[in-house]
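Q: Here's a structure for you.
The values are calculated or read from the model by the stated rules, or taken from the named source; none is laboratory data. Since this is a predicted model, take the numbers as computed values, not measurements. As a convention, Cβ positions derive from the backbone with ideal geometry for all residues, glycine included, and neighbour counts pool all protein chains shown. These accessible areas exclude ligands, DNA and RNA; they are computed on the full protein's heavy atoms, side chains included. Shrake-Rupley method; radii C 1.70, N 1.55, O 1.52, S 1.80 Å.
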Amino acid sequence: MLLNKRLLLVLDQQDDISLALERCHLIASRLQSAVTIVWLGDDQVKAEQAMAELMTDGVAVDLRYSTRHKLLKQLAGLLSQQSFGLLIKSCDPRESGFMTSMDGHILRDLPCPVLLVKGDQLWQDGVVMAAVNALTHDPHQLQLNDDVLMVAAQIAVVTESALTTAVACPSAMMGADPVLQSENLIQAKAQEALAAQLSRLALTVQASAVGEGPVEYWIPEAAKQLKARLVVIGTRARGGLKGALIGNTAERILSRLDCDILVLRVGLSDEVVPLIK
Amino acid sequence: MNKLSRILLAPIKGSEEFAERFLFHRRLPVLLVFAALTLFLAWQAVQIRPDASFVKMIPTSHPYVENYLKNRDDLAGLGNSVRVAVAVNEGDIFTAEFQETLQKITDELFFIPGVDRSALTSIWTPNVRWTEVTEEGFVGGPVIPADYDGSAASLEQVKLNILRSGQVGRLVANDFRSAIVQVPLFDKHPDTGEKLDYQALSQQLETLIRDKYQSDQISVHITGFAKIVGDLIDGAAQVAVFFGIALLITLVLLYLYSRSITGTLVPLACSVIAVIWQLGLLKLLGFGLDPYSMLVPFLVFAIAVSHGVQIVNTIALESARGADSWLAARRAFRALYIPGLTALLSDGIGFVTLMVIDIRVIQDLAIAASLGIAVIILTNLFLLPVIMSLLGIGERATQRALIAEQKQDSNWHRLTWFATPTGAKFAVVVAGILLVGGLYQGQKLQIGDLDSGAPELRADSRYNVDNRFITQHYSTSSDTFVVMVGTEKDQCSSFNTLSLVDRFQYYLTNIEGVQSSVSLVNVSKRVTSGLNEGNLKWRTVSRNQLVINASLSYVPAGLMNPSCSLLPVIIFLDDHKAQTLQRLTGKIEQFAAQHDSEQIRFEMAAGNSGFEAATNEVIGTAQYQMLAWVYAVVGLLCLLTFRSVKTLICIIAPLALTSILCQALMASLGIGVKVATLPVIALGVGIGVDYGIYIYSKLNTYLVQGMALPEAYLNTLKTTGKSVAFTGLTLGIGVVLWVFSPIKFQADMGILLTFMFLWNMLGALVLIPALACLLKCGATGIEAISTTEAEVKDVVK
C-alpha cells in the first residue's frame, strides 16, 4: 500500500494546512512516493508554496484544484484512474447540522485508506495503537482486524515505534449468554481472542489495552493511556440509510481522539497482503 | 432447548446493538421524532371519548345471547332499558299536579334520542290499557281516559283504571305513591345505525328529568344499565383525580429515594408519555374508553414506572463508577435491554391472551393493555436512556449510589438469610401454608354480583338508593330473566303450547328466588275468565282453541311475536346473585330437557338477568382459561430467556402465590368475579413478572462469576432489589388511597392492586432466593460458559 504508490493529499485553504502537509512530507520522503495535491480553494500562490515544500526532498508532486462541492467526485475520479496508496487530510469532523461531515463522506465513499492528521508529533519512536474488535464472529470484520494489525505492525517497524493494541469490550448485558453477563468474563474472553489472533499473525505487541466499551469511549481512553501517536482503526463504511441511522464508529471517534487516525476500509486485504514479508 | 431458545431469542439479543447505536448515534433527531409523535398522539388522546355498550358487556357467542340476538326484533323492550320512577313525598299519585308532571316526564322521555318510542311504557302511554268484564262484555281502554281533565272525577276514574289494568306493582307502586316510566333503549339505532351515547343519555336524563322535575313534592329515581354506565363515566373525573394523587405520591417518593431531580422527573415524564401514546393509539384505532377499562392507563403508568426506576438506578450505579452521563446511560441501556424487553414482551403477549374470553369489553381491555405495554418499550426502554444521557443524574444521586455501594454492613444483609438453607426452608414452608390457606379461602370466590344493585357504585350512591327504592315499592324487580319459548309458526297460542307454558310457570314459581312470571298464558287466563263474567273457574287455559283465540284477541306488546312462533316468558327475580341465577338456569335446563320437542323449545335467555347468567357462565370458565394462557406465555418466555426449568419455578412460584392469595382476598372482601374484576388477576401477573425477571437476571450475573448464592443475592439486593422494593412500596402507597374513591369499583381495585404490588414485591425478594437456594440454581450459566468457550476457540482457529 505505502510503497511505490502515490499519496493523495487534500489541503483545505481555509484550514491550517501545516499539519497535514508536514505529515505528508514525512511519509513521502521516507517512502519516496509521489504525491498528488488536491487543493480546496483558489489561492494559487499558497498552493504552489505547499507544492514547493513537498518537492524539497525530491518528491514528485502533482497539483490540482478543487472546491468543497466537487471534492468527492474529483477524488473518486482520481482514485479510479490511478491507484493511490493513502489519502492524507487534516481531520475536520465538524458536522453541518444533521449531515455527515466531509471526513465522514470520504471515509464512506472512497476506496483507499485514509489518514486523518490531528497531531504534530513525529511517529518516530512513538506508539502505534491498533484498535481491533476481538469479539466479532463476522468474517469481514475478522479480515479487517487482521488488516489493521498488519498495517499497524508495518508502520511500527518503519517508524521504529512500539506496537500496541486496544480492544473495546461491550459492557455487561443481563440475560445474554452467560459470558456476556460479567465484565470480567468478557474482558478475559477478549484477551484470549486477541492473543490467539496475534499469535496467528505472528506479531508481538508491547501492550494491550482491553477495557469496557462502548468503542467511542474506550478507544480514546486507551489512546490516552498508551500515549499513542497514531491509531489504526477499521471501518464498516456504512453508507445510505444504515449510515444515517446508526453511523460508523470510526467517524464518531474522530472528534474524541487527539492523535492521528489511519482508517482502513473493509475489503482492502488484496492491497495489504503483498506487504507481509 | 438451548438451540431453540437461541433461535427464538436471537432477534431480541441481536437487536440490541442496532437499537443502541441507532438511539445514541444522533440523539437530537431521535428526540425530535419522539417529541413529534408525542404531540400528535396527545392531540389524538384528548379526543378520546367514553365508549360503553350494552352488547359489549355480554358474551356474544354464548347460546343464551345468541338466542336473544336471533329473536331480538321480536322481544321489544327486554334488552337494555331504564326505569324512571316518579314519587310523591306526601299523599298519593292521584293528584292533578302529579299526573301532569308524569305526563310531561313521559313526553320528555319520548323525545330523548336512543329511546325505543314504540316500546315506551307508562300509564300515560296508549299501550297501557285496562280491561273489565261487564254485563255487556269486555270493556277496556287506555288507563288515562281520552276525556281526562285533571278533575277529581277524572282522577277517580284513573285510579279505577289502574286497579283494573293490573299495573299495580309494575308501573304503579304497591303503595300508590309513585309511578314508573319504563324506557327501553336502542343499543344501536335501527335507522341511523349510530351507537347509543351513554354519557349523553345519562346527562339528558339528569337535566331533562331529574333536575327539571325534582322538587319538594316530587322525587325522581332512575335505574338501569345505561344509568350505571352514565354514573361511572361521570365518575371518571373522580377516577382521574385519584390517578393524579397516586402520580404525585410517586413523584415525591421517587425524589426522596433518588435525590435526583432528573432521576425523578424523567422516568415519570416518560411513563406519562407512555400513557398518552396509549390513549392516542387507542383513539387512532377507533376505540373509546370503557368505564371498565378505566384502570388500564394507570396500570400502564405503574409498569412504566417500575421499568424506568430500574434504568435510572442502573444509571446511578454506572455514574458512581465514574461514567459521565452519556456513558452511564449507554451502559445502562445495554445492561437492562434483555430483561426489560423480555419482561415487557411477556406482559404484552400475556395480556393479548385475554382475547380468548368471549366478552368484547375484556377483549378491548386486552388490546388497550397490550398497546400500552408495547408503547412502554419505546418510551421507557428507548426514550428514557436517551434523555438521561443528555441530562445526567446529578451529583447528589451519584454520591448516594457511591456511598451505598461501599457500605459494607447494610440492612439488606438480613434478607440474605432467605438465601441460606435454613431461611429458605422457612420461607418455603410459610409460603406453603399461605398457599393452602389461600386455596381454601379462594374456594369461596363467587362469580357474578354478590350484592343487589350496582356493585360498581357505593351502597349509598344515588343509583343504589334509587334501586332500593324501586325494589322496595314494586313487585316487578328490575331483575328480569326471559325464557324464549319457540314454536312452529302460528302455534304459539295453541292449547298444547299454552298448557305446557302454564306448567312451566307453575314450575318456576316453586324455584327459590323467583318472584313472579308473566307470559301470554296470564293474559289468556285473565281474559278467558273475563269473557265468562269473571268466573274464577274459567281462569285457566281453555281446552277449546276458539276460546283461547278469543282470549288473545288483544295481546300487550312483547308477549308474542307477529308470526306467532315465539312467546317469551318474563321471569321476575328477587335478585341477580350468582347463586340465584345458577339455580334458575339449572332448573330451566332440567325442564327443557324433559319437554323440548319439534313443536316447542324452551330457550334461554334474555332480560338483564339472562345476560348476567350467560356472563357468569362464561366468566366461570374464562377465569381459569385466562390464567392458564397468561402463565403459559409468561412461563414460556422466562424459560426461553433463562433456559432453565429451575429458574422458571423460581420466577413463577411467587406469581402463582400472589394470584391465589388475590383470589382469596377477593373472596374475603366480598368482591365477586365479574366482567369488571376478571382481568385484575391477569394484570397482577403482568406487574409481578417484571420484578422476578429483573431480580433473577441480576442474580444470575453474579452466580455466573462464581459467587455463592448469599453473596450474590446481597449484591443483587443492593442494586436491583432496592429498585424493586421501592417501586412496589411506592405504587402500593399510591394506590391504597383509592379506597376513598366514591366509585366502589375503583376502591375495590385499589385494595386488590395494593395487595398485588406489595405481595409481588415481597414474593420476589424473599421467595426467589429461597427457591434458588433449595433448587440449587447456582449452575445455570456455567455449563453454558464452557460451550461458548469451545465455540470461540473454533472460530479463532
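Q: Quick check of the Kirkwood formula: for segment B:463-613, what is the inverse mean of 1/r over all pairs of different Cα atoms, in Å?
A: 16.1
Q: Over the C-alpha atoms of chain B, what are the Rg and the largest Cα-to-Cα span, Dmax, in Å?
A: 32.2, 116
Q: Among B:F602, B:V555, B:Q579, whose Cα lies farthest out toward the positive end of the dipole of segment B:463-613, if unit charges sit on the beta carbon of Lys, Arg (+1) and Asp, Glu (-1)?
A: B:V555
Q: Another question about this same structure. Quick one: the Cα spread of segment B:69-145 along its three principal axes, in angstroms, biggest first?
A: Per principal axis, max minus min of the Cα coordinates gives 43, 38, 18 Å.
Q: Could you do me a favour and compute the accessible area per residue for chain B, 1.4 Å probe, result in Å²?
A: 40
Q: Taking N as the number of residues in segment B:529-686, what is its alpha-carbon radius of gyration divided by 2.2 N^0.38 Å?
A: 1.70
Q: Over all pairs of distinct alpha carbons, what does the Kirkwood formula give as the hydrodynamic radius of segment B:229-297, in Å?
A: 13.6
Q: Right, something else. So for chain B, averaging the separation of alpha carbon pairs under 8 Å that are six or more residues apart and normalising by length, what relative contact order in percent results?
A: 19
Q: While we're here: Indicate the residues belonging to segment B:325-358 that lose 30 Å² or more of solvent-accessible heavy-atom surface (probe 1.4 Å) upon moving from the chain alone to the assembly of all protein chains, ignoring ligands and nucleic acids.
A: Those residues are B:W326, B:L327, B:R330, B:R331, B:R334, B:A335, B:I338.
Q: To the nearest µm²/s, what D does Stokes-Einstein give for the protein assembly as shown at 25 °C and 0.890 mPa s, using the Kirkwood radius over alpha carbon pairs as Rh?
A: The Stokes-Einstein estimate is 71 µm²/s.
Q: Still on this structure: Could you please report the charge total around B:P679, scoring K, R as +1 and D, E as -1 over all other residues with beta-carbon less than 15 angstrom from its beta-carbon?
A: For residues surrounding B:P679, the net value is -3.
Q: Right, next: Can you give me the pair-distance distribution of segment A:6-117, C-alpha pairs, 5 Å bins, whole percents?
A: Binned Cα distances yield the sequence 2, 12, 25, 26, 21, 10, 3, 1, 0.
Q: Just for the protein assembly as shown, what percent of DSSP beta bridges are antiparallel, to the closest 5?
A: Roughly 50 percent of the beta bridges in the protein assembly as shown run antiparallel, per DSSP.
Q: Only four residue types carry charge here, +1 at the Cβ of Lys and Arg and -1 at the Cβ of Asp and Glu. Report the dipole size of the protein assembly as shown about the Cα centre in Debye, rounded to the nearest 20.
A: Charge dipole of the protein assembly as shown: 2360 debye, to the nearest 20.
Q: Taking the solvent-accessible surface of protein heavy atoms with a 1.4 Å probe, what is the per residue accessible area of segment A:127-275 in Å²?
A: Per residue, segment A:127-275 has an accessible area of 36 Å².
Q: Let me ask another. Could you give the DSSP H helices of chain B that reach 27 angstrom or more along their long axis (alpha carbon positions) and whose average Kyte-Doolittle hydropathy is no lower than 0.0?
A: Qualifying helices: B:236-258, B:261-284, B:296-320, B:325-352, B:421-442, B:607-642, B:645-669, B:678-704, B:744-774.
Q: Charges on Cβ only, +1 for Lys and Arg, -1 for Asp and Glu, centred on the Cα centroid of chain B; of B:V375, B:T641, B:G308, which one is farthest towards the dipole's positive end?
A: Toward the positive end, the furthest listed residue is B:T641.
Q: With a ≥ b ≥ c taken as the square roots of the eigenvalues of the C-alpha gyration tensor of segment B:428-544, please select rounded if a/c is under 1.5 and otherwise prolate if a/b is larger than b/c or oblate if it is not?
A: prolate
Q: In Å² (nearest 100), what accessible area is buried between B and A, both sides summed, heavy protein atoms only, 1.4 Å probe?
A: The contact between A and B buries close to 3500 Å².
Q: In a shell of Cβ-Cβ distance under 12 Å around B:P556, excluding B:P556 itself, what net charge do Lys and Arg (+1) and Asp and Glu (-1) give?
A: +3
Q: Something else: For segment B:73-233, what are the per-bin percents of Cα-Cα distances with bins 5 Å wide, up to the bin holding the maximum?
A: Taking all Cα pairs of segment B:73-233, the binned fractions are 2, 9, 18, 21, 19, 14, 9, 6, 2, 1, 0, 0 percent.
Q: Also: I need the shape label for segment B:3-77. Rule: rounded when a/c is under 1.5, else prolate if a/b > b/c, else oblate, with a, b, c from the alpha carbon gyration tensor.
A: It comes out oblate by the Cα gyration axes.
Q: log₁₀ I(q)/I(0) of chain A at q = 0.14 Å⁻¹, via Debye over equal Cα point scatterers, no solvent, to two decimals?
A: With no solvent term, the Cα-only Debye profile gives -0.99.
Q: What is the local net charge at B:L185, summed over the other residues whose Cβ is closer than 12 Å to its Cβ (Lys, Arg +1; Asp, Glu -1)?
A: Its environment carries a net charge of +2.
Q: With only Lys, Arg, Asp and Glu charged, each at its Cβ (+1 for the first two, -1 for the last two), find how big the charge dipole of segment A:6-117 is about the Cα centre; round to the nearest 20 debye.
A: So the magnitude is around 380 debye.
Q: In peptide B:27-36, how many Cβ atoms from other protein chains are near each Cβ within 10 Å, on average?
A: Going residue by residue through B:27-36 and averaging, the value is 1.
Q: What order do B:K525, B:K70, B:K577 take when sorted by accessible area (1.4 Å probe), most exposed first?
A: Descending accessible area places them as B:K70, B:K577, B:K525.
Q: Also, quick follow-up: Rank A:V132, A:V45, A:V157 by mean-square fluctuation in a GNM of chain A with C-alpha springs under 10 angstrom and give only the top-ranked residue.
A: Maximum fluctuation in the GNM of chain A, among the listed residues, is at A:V45.
Q: Taking just the alpha carbons, could you work out the radius of gyration and Dmax for segment B:263-325, both in angstroms?
A: Rg then Dmax for segment B:263-325, in Å: 15.4, 49.
Q: Something else about it: For peptide B:11-22, what's the mean number of Cβ atoms from other chains within 10 Å of each residue's Cβ?
A: 3
Q: Right, another one. Which order, highest average first, do A:201-207, B:603-609, B:472-478, A:150-156 follow once you tally other Cβ atoms within 10 Å for each residue and take the mean per peptide?
A: Order by mean packing, descending: B:603-609, A:150-156, B:472-478, A:201-207.
Q: Counting other Cβ atoms within 10 Å, which chymotrypsin sites (Phe, Trp or Tyr not before Pro) in segment B:518-627 have at most 15 and lie in a DSSP loop?
A: B:Y554
Q: Averaged per residue, what accessible surface does segment A:6-117 expose to a 1.4 Å probe, in Å²?
A: Computed with neighbouring chains in place, this is 45 Å² per residue.
Q: Nearest 20 debye, what's the magnitude of the dipole of segment A:155-247 about its Cα centre given +1 on Lys and Arg Cβ and -1 on Asp and Glu Cβ?
A: For segment A:155-247, the charge dipole is close to 340 debye.
Q: Sticking with this one: Which one, B:G286, A:A162, B:T497, projects farthest toward the positive side of the charge dipole computed for the protein assembly as shown from Cβ point charges (K/R +1, D/E -1)?
A: Value: A:A162.
Q: For chain A, what are the DSSP H helices with axial Cα length of 24 Å or more and mean Kyte-Doolittle hydropathy of at least -1.0?
A: A:139-159, A:183-201
Q: Next up: Counting only protein heavy atoms and using a 1.4 Å probe, what share of the accessible area of segment B:463-613 belongs to carbon plus sulfur, as a whole percent?
A: Here carbon and sulfur together make up 47 percent of the probe-accessible area.
Q: How well do other chains shield peptide A:191-197, expressed as the mean number of their Cβ atoms within 10 Å of each residue Cβ?
A: 2
Q: Applying a 10 Å radius around every beta-carbon, put B:593-599, B:737-743, A:86-92 in order of their mean neighbour count, most first.
A: Ranked by mean Cβ neighbours within 10 Å, highest first: A:86-92, B:737-743, B:593-599.
Q: Next question. How would segment A:127-275 be classified by its alpha-carbon gyration tensor: rounded, prolate or oblate, with rounded meaning a/c under 1.5 and the a/b versus b/c comparison settling the rest?
A: Because its axes are fairly even, with a/c under 1.5, segment A:127-275 counts as rounded.
Q: Checking buried surface per residue: for segment A:145-175, which residues lose a minimum of 30 Å² accessible area in the protein assembly relative to the chain alone (1.4 Å probe)?
A: Output list: A:S171, A:M173, A:M174, A:G175.
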